[in-house]
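No value in this document is a laboratory result; all are computed from the given coordinates. Remember, predicted model here, so these are calculated numbers, not experimental data. Note that we place each Cβ from the backbone using ideal geometry, even for glycine, and neighbour counts take in every protein chain shown.
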Amino acid sequence: AQSVTQPDIHITVSEGASLELRCNYSYGATPYLFWYVQSPGQGLQLLLKYFSGDTLVQGIKGFEAEFKRSQSSFNLRKPSVHWSDAAEYFCAVGVNRQYIFGTGTRLKVLA
Amino acid sequence: DTEVTQTPKHLVMGMTNKKSLKCEQHMGHRAMYWYKQKAKKPPELMFVYSYEKLSINESVPSRFSPECPNSSLLNLHLHALQPEDSALYLCASSLKDRLDTQYFGPGTRLTVL
């Protein structure tokens, strides 16, 4: 079955530490890939997206993500986390006119 | 302007009430969406409007009734809701279809008593 997996429900990092949030998908074709961030009680904001081309994608707020076809992954990274990055992060996959969200990873940042 | 606005921000209603949620965008987007999001869960797609026509209804109960009066506006009419319908209702829009970047509004927090 087609699916989007974010294996980490919660992640806690210290401010200034690096961050990697994982996203894996199971689709035959190369999908469109997105990362969104959601602060509590707010809507979703697009961080970055991948459609084709360079597999390392730069986004807003210092985030980047790398598409790895061989691993069916699209992991989100940030070299130095700020306290304001504490939020829920959703990976989303678009393929065959479907748009599927992962279950989300809640990021907590320690001062 | 990449903003999607939603009103009201919060809504409390009884099970016999009729209310409406409103969503507006002025980005020239031709696809608009309603999502329902329960706490600690990803958004669940409810409806998709494409060029002001309902293109997808994800088996949503008839107590939710969408309406797209024009290309900038999207409404969600609510009637005889149940307490389990309490959630954050998100509106989004994109240029043409779901594979385009979706821009989300801040949501309406709905509580059904």
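Got a sec? Which residues in the range A:76-98 would a label at A:ALA17 touch, if it sits 7 Å along Cα→Cβ and we count backbone N under 18 Å?
Under 18 Å, as judged by backbone N against the label point of A:ALA17, lie A:76-89 of the range A:76-98.
Taking the Cα centre of the range B:59-113 as origin, work out the dipole magnitude from +1 charges on Lys and Arg Cβ and -1 charges on Asp and Glu Cβ, in debye rounded to 20.
40 debye
Could you state the principal axis extents of the C-alpha atoms in the range A:17-111, from the largest down, to the nearest angstrom?
41, 26, 18
Compute from the Cα atoms of chain B the Rg and the Dmax, the latter being the longest Cα-Cα distance, and quote both in angstrom.
So, for chain B, Rg and Dmax equal 13.1, 38 Å respectively.
Just for the Cα atoms in the range A:1-45, what are the lengths along the principal axes, largest first, rounded to whole Å?
Principal axes ranked by extent give 38, 24, 16 Å for the Cα atoms.
Using only the alpha-carbon atoms of the protein assembly as shown, report the extent along each of the three principal axes, biggest first, to the nearest angstrom.
Result, largest extent first: 50, 38, 37 Å.
Can you give the relative contact order of chain B as a percent, counting alpha carbon pairs under 8 Å and 6+ residues apart?
Reported relative contact order: 37 percent.
Residues in the range B:16-58, backbone N under 20 Å from the label point at B:ASN70 (7 Å along the Cα-to-beta-carbon vector): list them, ranges by number please.
B:21-33, B:49-54
Taking N as the number of residues in the range B:61-113, what is its alpha-carbon radius of gyration divided by 2.2 N^0.38 Å?
1.29
Give the residue from B:TYR51, B:PHE64, B:ALA39 lying farthest towards the positive end of the charge dipole for chain B; charges sit on Cβ (+1 for Lys and Arg, -1 for Asp and Glu) and the dipole is referred to the Cα centre.
Checking the options against the dipole of chain B, the answer is B:ALA39.
Tally Lys/Arg at +1 and Asp/Glu at -1 over every other residue whose Cβ is under 14 Å from the Cβ of A:THR103; what's the total?
+2
7 Å from Cα along Cα→Cβ at both A:SER3 and A:ILE60: what's the point-to-point distance in nm?
About 3.2 nm, to one decimal.
With a 10 Å Cβ neighbour count serving as the proxy for reagent exposure, in which order, fewest first, do A:SER39, A:SER73, A:SER80, B:SER62 appear?
B:SER62, A:SER80, A:SER39, A:SER73
Placing +1 on the Cβ of each Lys and Arg and -1 on the Cβ of each Asp and Glu in the protein assembly as shown, which of A:HIS82, B:PRO106, A:VAL13 has its Cα farthest towards the positive end of the resulting dipole?
B:PRO106
For chain A, set up a GNM with springs between Cα atoms under 10 Å and report which of A:PHE51, A:PHE90, A:PHE67 has the largest fluctuation.
With Cα springs under 10 Å in chain A, the top fluctuation among A:PHE51, A:PHE90, A:PHE67 is at A:PHE51.
Rank the residues B:TYR51, B:TYR89, A:TYR32, B:TYR103 as a footprinting-exposure proxy: fewest other Cβ atoms within 10 Å of their Cβ go first.
Lowest count first: B:TYR51, A:TYR32, B:TYR103, B:TYR89.
Which of the residue pairs B:LYS40/B:LYS96; A:LYS108/B:LYS9; A:LYS108/B:LYS96; A:LYS68/B:LYS53; A:LYS78/B:LYS53; A:LYS108/B:LYS18 have a Cα-Cα distance greater than 31 Å in the structure shown?
A:LYS108/B:LYS96; A:LYS68/B:LYS53; A:LYS78/B:LYS53; A:LYS108/B:LYS18
Out of all DSSP beta bridges in the range B:12-113, what portion is antiparallel? Express it as a percent rounded to 5.
95 percent
Let's see if you can work this out: charge +1 on each Lys and Arg Cβ, -1 on each Asp and Glu Cβ, no other charges. What is the dipole magnitude of chain A about its Cα centre, in debye to the nearest 20?
Charge dipole of chain A: 200 debye, to the nearest 20.
Let me know the shape class of the range A:23-75, please: from the alpha-carbon gyration tensor, a ≥ b ≥ c as square roots of the eigenvalues, rounded when a/c is under 1.5, otherwise prolate if a/b is greater than b/c, or oblate.
It comes out prolate by the Cα gyration axes.
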